[in-house]
1. Condition check: touching a strand residue (DSSP E or B) at 6+ places or on another chain (Cβ under 8 Å), within 14 Å of the ligand (Cβ to nearest atom) and not in a loop (DSSP other than H, G, I, E, B). Does residue 158 satisfy that?
2. Which one of 199, 242, 195 is touching a residue at least 60 places away in the same chain (Cβ under 8 Å), over 20 Å from the mean Cα position of the chain (by Cα) and away from the ligand (no atom under 16 Å from the Cβ)?
3. Considering every residue within the stretch 106-114, establish whether at least one is touching a strand residue (DSSP E or B) at 6+ places or on another chain (Cβ under 9 Å), closer than 26 Å to residue 164 by Cα and modelled with pLDDT under 95.
4. Across the stretch 1-16, which residue is farthest from residue 256 (Cα to Cα) among those that are more than 9 Å from the ligand (Cβ to nearest atom) and crowded, with 24+ Cβ neighbours inside 10 Å?
5. So which helices (runs of 4 or more DSSP H) stay within the stretch 38-151 end to end and still have 2 or more residues that are more than 13 Å from the ligand (Cβ to nearest atom)?
6. Does residue 234 count as within 15 Å of the ligand (Cβ to nearest atom), under 30 Å from residue 109 (Cα atoms) and in contact with a strand residue (DSSP E or B) (Cβ under 8 Å, 6 or more places away or on another chain)?
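The values are calculated or read from the model by the stated rules, or taken from the named source; none is laboratory data. Nothing here was measured: the structure is a model prediction, and the numbers come from that model. Cβ placement follows ideal geometry from the backbone for every residue including glycine, while neighbour counts extend to all protein chains displayed.
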Ligand code: GLU
């Protein structure tokens with residue numbers, strides 16, 4: 001679809017976009033993001049946020065020296081961090097007159113059509129009240145069978161459940177390069193990917209950051225999941241949140257993956 005016509009937009013923000021390297025919230029970034037998202041709402045766009053950061057923020061708040069390895073510690077960090085995250089979102093969005101709502105999901109939602117419908121109905125209704133739904137994985141209750149594992153996959157599921165027009169994944173690189181830009185100065189940014197072929201998947205094989213869980217590979221997998229439903233994905237750098245305006249005005253920004261359709 002013509003991205004300028006996109007009405008319902010799922011925006012995924014990773015831990016590296018929302019926090020500093022020490023795990024504390026990057027408040028300046030969050031202020032920009034909430035202002036831009038509020039600006040988009042003012043343009044009658046329906047925005048659903050998928051926000052990571054719970055584990056990273058909780059780690060910093062609890063003074064954990066490194067990313068927890070045990071499930072119990074990870075879940076503890078998430079419980080503390082999620083609360084802090086929502087508190088800040090709620091305060092920042094309220095400055096622009098917007099209400100926020102928290103939705104925490106586990107993977108069983110997609111295995112039970114009734115639960116899936118409940119999530120879809122709640123998000124639809126929240127949007128009709130002008131609220132901004134903010135989704136994360138329900139980390140404190142997730143076990144291996146229940147977890148999405150990374151928020152890229154979660155954002156794809158949310159885009160599908162809510163029948164979004166487009167999925168935007170904000171991260172700490174410009175998009176998908178044809179080779180690793182950290183290793184190869186000649187690496188080229190791909191602007192448009194009409195189809196996710198095995199070659200594209202090979203390009204995406206990369207490493208995860210210290211605070212987040214996904215790398216480019218999980219983002220490409222997310223793009224592939226939604227493409228089947230005809231939803232486009234844009235992977236772009238969240239360092240400058242105003243990039244969301246560029247993307248939705250159809251200006252070149254990040255890498256666009258076309259939905260089949
Ligand atoms: N649910 C995790 C969190 O909020 C993030 C998972 C991810 O970054 O992919 O910290």
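1. yes
2. Answer to the check: 195.
3. Among the residues of the stretch 106-114, at least one is touching a strand residue (DSSP E or B) at 6+ places or on another chain (Cβ under 9 Å), closer than 26 Å to residue 164 by Cα and modelled with pLDDT under 95, which makes the answer yes.
4. Only one residue fits best here, namely 13.
5. It comes to 71-95, 108-111, 113-128.
6. For residue 234, the condition - within 15 Å of the ligand (Cβ to nearest atom), under 30 Å from residue 109 (Cα atoms) and in contact with a strand residue (DSSP E or B) (Cβ under 8 Å, 6 or more places away or on another chain) - is not met.
For every residue, the table says whether it meets (1) closer than 25 Å to residue 122 by Cα; (2) in contact (Cβ under 8 Å) with a residue 60 or more places away in the chain.
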residue	(1), (2)
13	yes, yes
22	no, no
27	no, yes
34	yes, yes
37	yes, yes
45	yes, yes
69	no, no
73	no, no
88	yes, yes
